[in-house]
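As structure tokens, the structure follows; a few thoughts come after it.
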Amino acid sequence: MAETPEQLLSAAEQSMEKGLEAQRRSFGRVRTGRASLSLLDGVRVEYYGTPTPLSQVASLSIPEPRLIAVQPWDKNLIPAIEKAIRQSEMDLNPTNDGSLVRIPIPKLTEERRRELVKVVKGMTEDARVAVRNARRDANSELDQLLKDKEISEDDLRRHKDAVQKLTDQYVKKADELSEKKEAEILEV
């Protein structure tokens, strides 16, 4: 438990920032119809019996706006890389030429774009919940400080207002990230 209201505010802000960072990472895995290396962040390749992140067994590049190229360091990994990409939940269909795996990024249909916008809205709500949970935790600790007579009621009110301002600020940031990602998805 933090000792001063200022430390509580700092801890709450860090917690809110973590919620936004989680939202950014989640957004990186949402396909927008353009090639992005973050699409492959969650792909793990079976490498000597160990699931290994794709970026640790191959070099990744974007030679064209709608194509990702995967150059494995060990050519024997090509079938495992193709299998891992196909089994991911991104509906991608990789091809290989014996030394390079190419992943064409298909255009999104209007229906799929609408579904992805709903997914993004859900991720944004998760971020808002994380921010509100940080507010709740900070407020309950402030209440405990008042109960322990470490702060006055005026201080409590002032610090709760500061926590609310911080909450509003981070909810607004989450909404701005969401609007940006939605625009990216709906862009044809």
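The values are calculated or read from the model by the stated rules, or taken from the named source; none is laboratory data. Please read these numbers as outputs of a predicted model, since none were measured by experiment. Because the Cβ atoms are built from the backbone with ideal geometry, glycine has one as well, and the counts that use them run over all protein chains shown.
General remarks:
- Hits in the stretch 9-63 - residues which are without any contact (Cβ under 8 Å) to a residue 40 or more places away in the chain and closer than 30 Å to residue 163 by Cα: 10, 14, 21, 25, 28
- Scanning the stretch 136-168 for residues that are among the aliphatic types (A, V, I, L, M) and within 16 Å of residue 13 (Cβ to Cβ) turns up 138, 142, 162, 163, 166.
- Put simply, of 142, 166, 177 the only residue that is in contact with a Leu (Cβ under 6 Å, 6 or more places away or on another chain) and either modelled with pLDDT of 90 or more or of a type in the set (Gly, Ala, Ser) (or both) is 142.
- Looking across the stretch 114-145, the residues that are surrounded by fewer than 18 Cβ atoms within 10 Å (Cβ to Cβ) and either among the hydrophobic types (A, V, I, L, M, F, W, C) or not assigned by TED's automatic domain parsing to the domain that holds residue 11 (or both) come down to 117, 119, 129.
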